[in-house]
C-alpha cells in the first residue's frame, strides 16, 4: 500500500489544536517541519540551495528535492503521515488529501481596522487564497482538496475533516 500523506494548513498559523486531533484520530504520524529543517541543515546540498534562495516560499519548486530527501529520511517508512502547510503540496508527490482552514485569514482580514491598514488585510486575504489555490490546482487533483466552510467550531472542523479522510480512504 502506498504511503498516505495528509496536509492540513491553517494559514498563517503553523498548526492548530483541532488539526492535531484530526491527525491523531486518523492514525497519522505527525511530521515535524522543524525536524525536516534540521535534517536539511545537515545536508550540504540542501544548505547550499537554501543559501542561494532569495524567497523560500516563492522558490519552493527549486527546494522541493531537498525537502523531499529530508522527508524521506525521517518519515519515508511511515505508512500514514500528517503534514503542516500547503508547501508540502510542492515538496512531496502523491498527497492523499489536503484540508485548508481559512478562519484565521478571515479573522485577520475582517478586523475593525480602517484606511490603509484595512487594505493590507484585504490584500493579505486575497493573496493567501490565490497562492494556496494556485498550488492546489498545479499539484493536487480537486477531489483530494477540501476547504473547510467558514464559521465551523473546532469539533465541526474535526468531524468534516475526518469525513473527508474517510472518503479518501485514509481511515475506515
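Structure summary
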read-out: Members of region 1-19 found to be crowded, with 16+ Cβ neighbours inside 10 Å and modelled with pLDDT of 95 or more, listed by number; value: 4, 5, 6, 7, 8, 9, 10, 16, 18, 19
read-out: Hits in region 1-50 (condition: more than 16 Å from residue 91 (Cα to Cα) and part of a loop (DSSP other than H, G, I, E, B)); value: 1, 2, 11, 12, 14, 15, 16, 26, 27, 28, 42, 43
read-out: Number of the exception - residue 37 against (1) more than 28 Å from residue 161 (Cβ to Cβ); (2) at pLDDT 90 or above; value: (1)
read-out: Positions within region 73-89 being surrounded by 18 or more Cβ atoms within 10 Å (Cβ to Cβ) and assigned to a helix (DSSP H, G or I), in sequence order; value: 75, 88, 89
read-out: Residues of region 54-72 satisfying the condition of being surrounded by fewer than 15 Cβ atoms within 10 Å (Cβ to Cβ) and either within 27 Å of residue 4 (Cβ to Cβ) or in contact with a helix residue (DSSP H, G or I) (Cβ under 7 Å, 6 or more places away or on another chain) (or both); value: 56, 57, 61, 62, 65, 72
read-out: Region 33-51, residues that are under 30 Å from residue 155 (Cα atoms) and surrounded by 13 or more Cβ atoms within 10 Å (Cβ to Cβ); value: 33, 35, 36
read-out: Condition check for residue 159: out of contact with any strand residue (DSSP E or B) (no Cβ under 9 Å at 6 or more places or on another chain) and surrounded by fewer than 12 Cβ atoms within 10 Å (Cβ to Cβ); value: no
read-out: Count - residues of region 126-151 that are surrounded by 14 or more Cβ atoms within 10 Å (Cβ to Cβ), touching a helix residue (DSSP H, G or I) at 6+ places or on another chain (Cβ under 8 Å) and within 17 Å of residue 101 (Cβ to Cβ); value: 8
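The values are calculated or read from the model by the stated rules, or taken from the named source; none is laboratory data. Note that the coordinates shown come from a computational prediction; the quantities given were computed from them, not determined experimentally. FYI the Cβ positions are ideal-geometry reconstructions off the backbone, even for glycines, and counts take in every protein chain you see.
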